[in-house]
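Undergrad: I have a structure here, written as structure tokens, and I will follow up with some questions on it.
The values are calculated or read from the model by the stated rules, or taken from the named source; none is laboratory data. Note that this is a predicted model, so its numbers are computed, not measured. Using ideal geometry, Cβ is built from the backbone for each residue, glycine included, and neighbour counts are taken over all protein chains shown. Accessible surface areas use protein heavy atoms only, side chains included; no ligands, DNA or RNA. Shrake-Rupley method; radii C 1.70, N 1.55, O 1.52, S 1.80 Å.
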Amino acid sequence: MLEIKNLHVKLEEEEKQILKGVDLTVEAGKVHAIMGPNGSGKSTLSYVLSGRDGYEVTEGSATLEGADLLEMEPEERAAAGIFLAFQYPVEIPGVGNMTFLRTAVNAQRKARGEEELSAADFLKEVRAKAKSLKIDADMLKRPVNVGFSGGEKKRNEILQMAMLEPKMCILDETDSGLDVDAMKLVAEGVNALRDEGRGFLVITHYQRLLDHIKPDVVHIMADGRIVKTGGPELALEVENNGYADILAEVN
Amino acid sequence: MALPEVKQTATEARLATLTMPEAGCTRAAREDALARVLEMGLPGRRDEYWKYTRPDTLISAEQPHAALFHSDEPLLFGNLDRLKIVFIDGVFSAEDSDDLELEGVNIDRIEDICCKDIHWAKELYGVLETRGQSPVQRPLAALNTAFAADGVAIHVTGKPTKPISLIYRHASETSDAMLHHIIRVESGAEVTILENGPAASRFNKCIEIDIADGGTLHHVRAQGRDHERCAATHMFTRLGRESVFKSFTLTVNGVLTRNEQVIELTGDDAIAHVAGACVGDGDFHHDDTVFVTHDAVNCESRQVFKKVLRNGATGVFQGKILVKEGAQKTDGYQISQSLLLDDDSQFLAKPELEIYADDVACSHGSTSGAIDETALFYLRSRGVSVKDATNMLTLAFLAEAVDEIEDEVLSEAIVNRLEGWLSRHI
Ligand SMILES: Nc1ncnc2c1ncn2[C@@H]1O[C@H](COP(=O)(O)OP(=O)(O)OP(=O)(O)O)[C@@H](O)[C@H]1O
Ligand SMILES: [Mg+2]
């Protein structure tokens, strides 16, 4: 589904290389986790895949179902099926959460040549999905993420994901800032979306999330590269021993 | 004191093009106003109060010219039940207007206030304008009082069930119009006044509003879009005890607009809110000049002005809150912000506070910035196109001003207009 080959990325404005040859393939139906020390380039990878400005790809490729992601505008990537749950969801004063969701859902449907969702159908769906994430009606009416608590913001990201039903879900530290119960809700939200046709890339620092969302593959990222790949046991090893052993071993 | 020669010459040249209406009982007020114009002279480029806006086309003796704008958009407030009063190039049109009968309000043309012997009107015409000439001079308003050829006197004694809608049509490419309205809201009465339309190639309009104790006036205005039109408008509002004045203005294009709001809170516990949203493109120049005087205890004033500028457009805001001695417990708020959609556009702001009472809470802020790139990316990453995302963020920016309109039907009409502009321009 998602194929990243030898991806090199530097900052547009500075001579700073951040990704130094990332190789990663996520198959449809699978959950891949990425762990790695702070500053190793995990968020950068997620931004580059979703098309944020400020980065320059100097080498390598990234494709979704064979289509070149790097050639597409962010909204085209979204329509193609990329979704990023942000590490730091953005507050947008003056734009209602509901209006935002509806505009996004319909924009993607339109881009894919599907019919727009009627107001009634949309409302029904959003209410049901919000309820399962314990997002109340008031939060739907408020401006996007404004005044939301950290955990509320993260749940709002998962609500967007549930509404947009993307093919490739990238979750950047969605577990950070969540209490134990909220983590379960979010994991249930993610698990509900798991199916044959969908891939997941879950960036996290903690084993805890992976207890709920069982990964098929775990990658360790360090200094702009995937340095080790293994099964779920790799996450446990990080949890118990930190990165020192793994990094020593690959160096 | 003699006027500078340039000013003297310009003033004389402009006055030579104007004829004072006969206008029986307002004649004295008009003569008075003319004397003030002669004394002050018309605004010139070197005047401090006109530092950011060139008055040239507003005062020039030459005939103005502005092509008519045609649009297939539905008429603003078109579906709204309202009492329509239509002016074409600044002249009242009985044919296009509704019957001026409405319970709770009396409406007369200014030229009829004398023969009908309408006392309140005779006593108000030119009075608030005169008060508003100090501490800052507003010569274009005095010029208006002297020469306005038409206008209405609206006496609100109850709570009319529908808004009074002043519609200004532009029919001739060289029209030069002056309108002067006066409005008196009696104690406990409440009214909504709407204004819309481009009015004329050059438009000078003045409204004097006197709100008695406990009276309420809502005002929503949308200034016409004829690209080359220029306009100078003044609203002089005096508020009595526990009275309320809420005004909102939308300006969409028009090469030059100067809107002055002069507000005097003279009775305790009064509330005055003025807001404006403008969107401009290219050689658009838009100036909001507001002067709020607190001269009573426990009054609240709010100024909320938002401007979206692109392609070299200019926005100006001059806003002042003056709190007089003894005006304790004043709550004054002022915000002016611009969203610059490119580097060519500019926003010039001069916020001022002058306070002579010690127990007051006044705040003001002014900012100028570009679209928030992070928010833009967030929206796009969810599949929203750049255009739609920019529109959403632009409307969100303007929302604080538009939200000042209390009536939802009216604010929706304004938002629709804004969406129309954005979809054409962004
Ligand atoms: N716009 C930027 N300007 C300057 N430095 C940047 C920028 N974006 C990323 N970096 C740098 O690139 C490196 C990788 O950052 P990134 O956010 O991708 O790390 P991360 O793996 O997500 O870290 P964390 O676990 O702390 O979230 C860091 O050193 C960071 O400071
Ligand atoms: Mg990160």
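Undergrad: So if I check each of A:Leu101, A:Leu49, A:Leu69, A:Leu64, which one is buried (at least 18 other Cβ atoms within 10 Å of the Cβ), aliphatic (A, V, I, L, M) and out of contact with any strand residue (DSSP E or B) (no Cβ under 7 Å at 6 or more places or on another chain)?
TA: Among A:Leu101, A:Leu49, A:Leu69, A:Leu64, only A:Leu101 is buried (at least 18 other Cβ atoms within 10 Å of the Cβ), aliphatic (A, V, I, L, M) and out of contact with any strand residue (DSSP E or B) (no Cβ under 7 Å at 6 or more places or on another chain).
Undergrad: Among B:Glu419, B:Glu400, B:Glu412, B:Glu406, which is the only one that is open to solvent by 10 Å² or more (accessible area, probe 1.4 Å) and away from every other protein chain (no Cβ under 14 Å)?
TA: B:Glu406
Undergrad: Given the criterion crowded, with 20+ Cβ neighbours inside 10 Å and more than 16 Å from ligand 2 (Cβ to nearest atom), identify the matching residue among A:Ala192, A:Ala187.
TA: Only one candidate passes the filter, namely A:Ala187.
Undergrad: Check off (1) within 8 Å of chain B (Cβ to nearest Cβ); (2) touching a strand residue (DSSP E or B) at 6+ places or on another chain (Cβ under 7 Å); (3) crowded, with 22+ Cβ neighbours inside 10 Å for A:Gly81 and give me the number that stays unchecked.
TA: (1)
Undergrad: Moving on to the next point. Got a number for residues in the stretch B:214-254 being in a loop (DSSP other than H, G, I, E, B), modelled with pLDDT of 95 or more and surrounded by fewer than 22 Cβ atoms within 10 Å (Cβ to Cβ)?
TA: Result for the stretch B:214-254: 4.
Undergrad: A further question on this structure: Within the stretch A:4-36, take every residue that is near ligand 1 (Cβ under 7 Å from one of its atoms) and in contact (Cβ under 8 Å) with a residue 40 or more places away in the chain and give me the one that is surrounded by the fewest Cβ atoms within 10 Å (Cβ to Cβ).
TA: Among them, the one singled out is A:Leu11.
Undergrad: From the residues in the stretch A:131-180 that are in a helix (DSSP H, G or I) and over 17 Å from the mean Cα position of the chain (by Cα), which one is nearest to ligand 1 (Cβ to nearest atom)?
TA: Taking the candidates together, the pick is A:Val180.
Undergrad: How many residues does the stretch B:314-343 contain that are at pLDDT 95 or above and either under 20 Å from B:Thr394 (Cβ atoms) or of a type in the set (Lys, Arg) (or both)?
TA: Residues in the stretch B:314-343 being at pLDDT 95 or above and either under 20 Å from B:Thr394 (Cβ atoms) or of a type in the set (Lys, Arg) (or both): 13 in total.
Undergrad: Same structure, new question: Take the residues in the stretch B:265-310 that are polar (S, T, N, Q) and farther than 25 Å from B:Val415 by Cα, then tell me which one is most open to solvent (accessible area, probe 1.4 Å).
TA: B:Asn298
A quick yes/no check of all residues on (1) open to solvent by 30 Å² or more (accessible area, probe 1.4 Å); (2) at pLDDT 95 or above; (3) at negative phi:
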site	(1), (2), (3)
B:Pro4	yes, no, yes
B:Ala16	yes, yes, yes
B:Arg27	yes, no, yes
B:Ala35	yes, yes, yes
B:Gly41	no, yes, no
B:Leu76	no, no, yes
B:Asp98	yes, yes, yes
B:Val105	no, yes, yes
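Undergrad: For a quick check of your reading: which strands (runs of 3 or more DSSP E) sit entirely within the stretch B:311-375 and have at least 3 residues that are more than 14 Å from chain A (Cβ to nearest Cβ), touching a His at 6+ places or on another chain (Cβ under 9 Å) and surrounded by 17 or more Cβ atoms within 10 Å (Cβ to Cβ)?
TA: In the stretch B:311-375, B:314-323, B:331-340 are the strands (runs of 3 or more DSSP E) which contain 3 or more residues that are more than 14 Å from chain A (Cβ to nearest Cβ), touching a His at 6+ places or on another chain (Cβ under 9 Å) and surrounded by 17 or more Cβ atoms within 10 Å (Cβ to Cβ).
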